[in-house]
Amino acid sequence: MFSPAVGRLSRRLLEIRQLFAPSQVKSLSSRSFSTALNYHIDSPDNNPDIPWDFTDANKERIKEILSHYPSNYKQSAVIPLLDLAQQQQGGWLTVSAMNAVAKVVEVAPIRVYEVATFYSMFNRTKVGKYHLLVCGTTPCMIRGSREIEDALLKHLGVKRNEVTKDGIFSVGEMECMGCCVNAPMITVADYSKGSEGYTYNYYEDVTPKRVIEIVEMLRKGEAPSVGTQNPQRIKSGPEGGNTTLHGEPKPPPCRDLDAC
Amino acid sequence: MGLGIRALRATRSSALGRIYSTSPIYHRILSPSSPSFFRWIVTTPELQKPDAAAEPAPQPPPPPTPVGGARVQITKPEDAIEVFVDGFPVKIPKGMTVLQACEVAGVDIPRFCYHSRLSIAGNCRMCLVEVEKSPKPVASCAMPALPGMKIKTDTPLAKKAREGVMEFLLMNHPLDCPICDQGGECDLQDQSMAFGSDRGRFTEMKRSVVDKNLGPLVKTVMTRCIQCTRCVRFASEIAGVQDLGMLGRGSGEEIGTYVERLMTSELSGNVIDICPVGALTSKPFAFKARNWELKGTETIDVTDAVGSNIRIDSRGPEVMRVLPCLNEDINEEWISDKTRFCYDGLKRQRLSDPMIRGSDGQFRAVTWRDALAVVAEAAHNTKPEEIVGIVGQLSDAESMMALKDFLNRMGSNNVWAEGNGVNPQADLRSNFLLNTTISGFGKADLFLLVGSQPRVEAPMVNARIRKTIRATQAKVAYIGPATDFNYDHQHLGTGAQTLIEIAEGRHPFCSSLLSAKNPVVILGAGVFERMDKDTIISAVETIAKYGKVMRPEWKGLNVLLLNAAQAASLDLGLVPEANSSIETAKFLYLMGADDVNLDKVPGDAFVVYQGHHGDKSVYRANIILPASAFSEKEGIYENTEGCAQSTSPAVPTVGDARDDWKIIRALSEVAGVYLPYDNLEAIRCRIRVVAPNLLQMDEKEAPTVSAALKPEFTGKISKSAFGTTVENFYMTDAITRASKIMAQCSATLSKRK
Ligand code: SF4
Ligand code: FES
Ligand code: FES
């Protein structure tokens, strides 16, 4: 007589239990924020006492960058300069590097910290020479970005945002980078050649197998071809050639402005 | 601040009124045959019942009065525009925001990030109102009012908007009011009571934020922060220290300094007041008292010569904290850290009993009768010209008057106030006052600071200079030792040499002086102690004359005094007869004077120390007469602008201490030179004879200026640089030197500067 109610009740209990199940709790606590800590903790390789300055070549580039902005609005250059500093530093920004930028744009250091903490592409912790960023937004996720990331992490033996022992790789997460049509994708920020040889390349249509191949090629110093990794596709065209739009499309008749 | 309670009351009463009058639910519940069970949780009935708001109001409420005495000054009639707030037409000057227009119309808009003295951020969205023809509610603090705008602050849309914003703000706010020091005076508490919903729908985890260490004064509980950025704007705009910032974004956003550093500002305590929640609270006051148990007494601060208006919050006999009071002409609504946090000095090292130093060098408590008899006898046994009186930094006008009268009757005129130096110019009031007045600085376009470091000497004056610089791009030039300024300045030189060059017109700065419309010259009172001060003063006067600093409509020549007692002492004519009298003194009466150099006092001199703290001079004293501190008495203090203000007693005095003037009055009777005043009125009548302006409270009598009488500068000038007058901002007088908090500050903060 009570069975339907009891059944409902036990189902509900199960739901509640699941809510508190360890796996669930873990995923809650590992809710990822875009960046690491929003404050700085002194460490031997990152503290304000370490001298830091732009290289002479980059000083020339600073001049060029500053010339894009009115001289009384130097602070507009803060983002390009932070980017430059990050490239020079090998992929991350130390406090001293940010202070150096603040000096160039003539603002208080805190104004630079504010910018650097706002943008997730400024890394304030060490990254590898090759910083691999897996897109984690919905289209890529549906197409398997979680597996891609797992494969990378497993292959490299690191956790997210951790650098491999040899300092060559690190894996991070990014939000949509605009390649959803070729999802899933990863980006490789290459800091191995300093700010001159810096590249930021997309590898699209990757599979767990393919990313590992890419990683290994990078490790050997080879340059895997960028863009889609699916041999069947040309750029973002459909797999196996066009299935539609075979000829020049006819203009829709309603757009014939002369007719109306 | 202060808005919450009022707003709360207003909305509560009106909401209740509406429930009683219009809600049928109410009748049904009260009727005995109430058929069913009602959940009677209706905070905003209109929201549940959209047509309720559409009902016409029974009769129009009386015409509104501006909120908190909001002042409207329409300088040019053609600049006035008319807007309608809840149907009422109000005239406001062009450029006001919608929020200000509502204030003029008497409607208090809830707000968190908006602060009238800071720039507009518009990031809390609490001030949403409905504007006719605008598709969405608008943030009134950031929206300029346009002619004919129809603003509605009381519609269901506006209410729902506020309720929604409130829900968002409370999402990540910990519900720790019971352990929060802001409880009871928290804007978030008040406004969530008045405008918030009775429930939230957020069931996720709340975020938490790491607390920051901002130094010994400001306690942080950053999880409570609602990201209004008032503190960031205060620090960078008013305090002039670019330390605080908004770091991160989204739900990871937090206020901080990124690299750990203390807030090295002499105004840092004010962030406690402007923080609308309990994120920034007072560290020394933490968990000491609840604000509703405190008795507030509005009085005057005496730690510098500015005379900031303060409120002393006390519980029983104890001063619990000090808060600023609004005074547009003096301190606006800020006070310095010294003013705010030196109060614990009032409880430590107090003198509570009259004491006599015995032959063994130890002090022994005696009765007042005995003590006064000893003092009177000693005074009578001394030749009149060997009697000397020195008035300390913290003395009020009444006691200075009494001491002068008493010593005069004993035949001596050797009475002066410390800090005034030898031979002070006390004849012309314009020679020792801040003639431009603090609020007058707003019109200046050039400042020349001579031997004055306003940042440590008078932080409120410095804040005003900084405000002017921000508003009008005024320039600052400075002569004196290199120090910290929190604004750009041109360092012309370190000593009087540079001053002479300017006076003689040989310095490049002269051209900027001549081209300035309203130049201000500020001479630091530290110069008074120099031997060549007459030359310096006449050099400054020469500069003033030739730079057209003193004109009938612009009085730009100022002296920035250092101590609370200084202006009144000069007004009362506390000018010594002989300059070297301290070396020949046989009877020295120190009324709270702790910063005089007593090394030159002859060993056999009889030294009376009357004061409230066992500070420096007590070591030399033969007898101690305990007096009450500024928080325990009523007394007149004249600030550096010449504005007389009165303190009021907030707490009872300690032990057997008495008001300064009463001690002297009693002493005069014991000594047989009876002073004819028995109460405060009588002694003030006596002051009226000497310096009537001291009794015109809160008013400034414009000093008369006669440039013609001044001598041309002649005489020797010493090559030495101007000194730093205030070595340690946190410890300048007996009270601050006794304060533990100030000691902590000087240990941690001054070192880092
Ligand atoms: S700490 Fe206080 S004043 Fe500063 S942003 Fe947070 S709530 Fe606003
Ligand atoms: S979702 Fe991955 S690139 Fe857009
Ligand atoms: S007060 Fe208007 S947005 Fe905060």
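Every number in this text was worked out from the coordinates using simple rules, so none of it is lab data. For clarity, every value in this text was computed on a predicted model and none was experimentally measured. Please note: Cβ atoms are built from the backbone with ideal geometry, for glycine as well, and neighbour counts cover all protein chains shown.
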Worksheet item: What ranking do B:TRP416, B:TRP292, B:TRP368 get, fewest neighbouring Cβ atoms within 10 angstrom at the top?
Response: B:TRP292, B:TRP368, B:TRP416
Worksheet entry | Sites A:GLU175 and B:GLU583, calculated FRET efficiency, Cβ-Cβ separation with R0 56 Å, nearest 0.05 | 0.10
Worksheet item: Hey, any idea what Rg/Rh is for chain B, computing Rh the Kirkwood way over Cα pairs?
Response: 1.03
Practice prompt. Output the Cα-based Rg and Dmax of the range B:206-352 in Å, rounding Rg to one decimal and Dmax to a whole number.
Written response: 16.1, 57
Worksheet, complete the sentence: By Cβ neighbour count within 10 Å, fewest first, B:ARG315, A:ARG61, B:ARG506, B:ARG466 rank B:ARG506, B:ARG315, A:ARG61, B:ARG466
Worksheet item: Considering only the other residues whose Cβ falls under 11 Å of the Cβ of B:LEU175, what net charge follows from Lys and Arg at +1 and Asp and Glu at -1?
Response: +1
Practice prompt. Could you work out the mean count of beta carbons from other protein chains within 10 Å of each residue's beta carbon in B:238-250?
Written response: 5
Worksheet item: Out of every Cα pair in the range B:91-133, what percent are spaced more than 11 Å from each other?
Response: 70
Response to the item:
For the range B:562-647, the percent of all C-alpha pairs falling in each 10 Å bin, from 0 up to the bin holding the max distance, is 16, 41, 34, 9, 0
Fill in: Förster radius 22 Å - calculated FRET efficiency between A:LYS103 and A:ASN72, Cβ distance, rounded to 0.05
0.85
Fill in: Equivalent ellipsoid, the range B:125-207 (semi-axes from 5 times Cα gyration tensor eigenvalues, Å)
29, 14, 10
Discussion item. Step by step: find N for the range B:563-611, compute 2.2 N^0.38 Å, then divide the Cα radius of gyration by it. What's the final number?
Written reply: 1.22
Item to complete: Just tell me how shielded B:258-265 is by partners: mean number of partner chain Cβ atoms within 10 Å of each residue's Cβ, no decimals.
Response: 4
Item to complete: With all distinct Cα pairs included, what does the Kirkwood hydrodynamic radius of the range B:298-352 come out to in Å, to one decimal, could you say?
Response: 11.6
Item to complete: Calculate, for B:SER251 and A:GLU239, the FRET efficiency according to 1/(1 + (r/R0)^6) with r their C-beta to C-beta distance and R0 25 Å; round to the nearest 0.05.
Response: 0.05
Fill in: Coarse-grained scattering of the range A:79-181 at q = 0.13, 0.14 Å⁻¹, given as base-10 log I(q)/I(0) from a Debye sum over alpha-carbon atoms
-0.54, -0.61
Worksheet entry | Kirkwood-based Rg to Rh ratio, the range B:483-547, C-alpha trace | 0.95
Response to the item:
The simple spin-label model distance between A:ASP53 and A:GLU213, using points 7 Å out along Cα→Cβ, in nm, is 4.8
Worksheet item: Under a point spin-label approximation (7 Å from Cα along Cα-to-Cβ), what is the B:ALA482-A:ASP166 distance to one decimal in nm?
Response: 5.2
Worksheet, complete the sentence: Computed for the range B:66-211: size of charge dipole around the Cα centre, +1 on C-beta of each Lys and Arg, -1 on C-beta of each Asp and Glu, debye to nearest 20, value 520
Worksheet item: Across all directions of projection, what mean area in square nanometres is found for the Cα convex hull of the range B:491-615?
Response: 10.4
Worksheet, complete the sentence: Scoring only Lys, Arg, Asp and Glu (+1, +1, -1, -1) among other residues with Cβ under 11 Å from the Cβ of B:ALA417 yields -2
Worksheet entry | Hydrodynamic radius (Kirkwood) for the range B:181-232, which is based on Cα pairs only, to one decimal in Å | 13.4
Item to complete: For the range B:252-303 and the range B:143-212, compute the distance between their C-alpha centroids and round to whole Å.
Response: 21
Discussion item. At a 10 angstrom cut-off on C-beta neighbours, averaged per residue, how do the peptides B:586-592, B:134-140 rank from highest to lowest?
Written reply: B:586-592, B:134-140
Response to the item:
Placing +1 on each Lys and Arg Cβ and -1 on each Asp and Glu Cβ in the protein assembly as shown, then taking the dipole about the Cα centre, the residue among B:THR153, A:TRP52, B:ILE312 whose Cα reaches farthest towards the positive end is B:THR153
Worksheet item: Residues with beta-carbon under 14 Å from that of A:THR228, excluding A:THR228: net charge, scoring Lys, Arg +1 and Asp, Glu -1?
Response: +1
Worksheet item: Magnitude of the Cβ-charge dipole of the protein assembly as shown, K/R +1 and D/E -1, about the Cα centre, nearest 20 debye?
Response: 2700
Worksheet item: Over the range A:117-260, with a single point scatterer placed on each C-alpha, what log10 of the ratio I(q)/I(0) does the Debye formula yield at q = 0.13, 0.17, 0.20 1/Å?
Response: -0.61, -0.92, -1.23
Discussion item. Applying a 10 Å radius around every beta-carbon, put B:431-438, B:596-603, B:383-390 in order of their mean neighbour count, most first.
Written reply: B:431-438, B:383-390, B:596-603
Worksheet entry | For chain B, share of DSSP beta bridges that run antiparallel, in % to the nearest 5 | 55
Discussion item. Can you tell me what percent of all Cα-Cα pairs in the protein assembly as shown are more than 57 Å apart?
Written reply: 29
Worksheet item: Looking at the range B:315-474, what % of the alpha carbon pairs are farther apart than 25 Å?
Response: 55
Discussion item. To the nearest 20 Debye, how big is the dipole of the range B:208-267 about its Cα centre, given +1 on the beta carbon of each Lys and Arg and -1 on that of each Asp and Glu?
Written reply: 140
Worksheet item: If the chain between B:ASP427 and B:GLU82 were fully stretched, how many nm would it gain, using 0.36 nm times the residue separation less the Cα-Cα distance?
Response: 119.0 nm
Practice prompt. May I ask what percent, to the nearest 5, of DSSP beta bridges between residues of the protein assembly as shown are antiparallel?
Written response: 55
Worksheet item: Which order results if B:MET460, B:MET263, A:MET141, B:MET400 are arranged by neighbouring Cβ count within 10 Å, fewest first?
Response: A:MET141, B:MET263, B:MET460, B:MET400
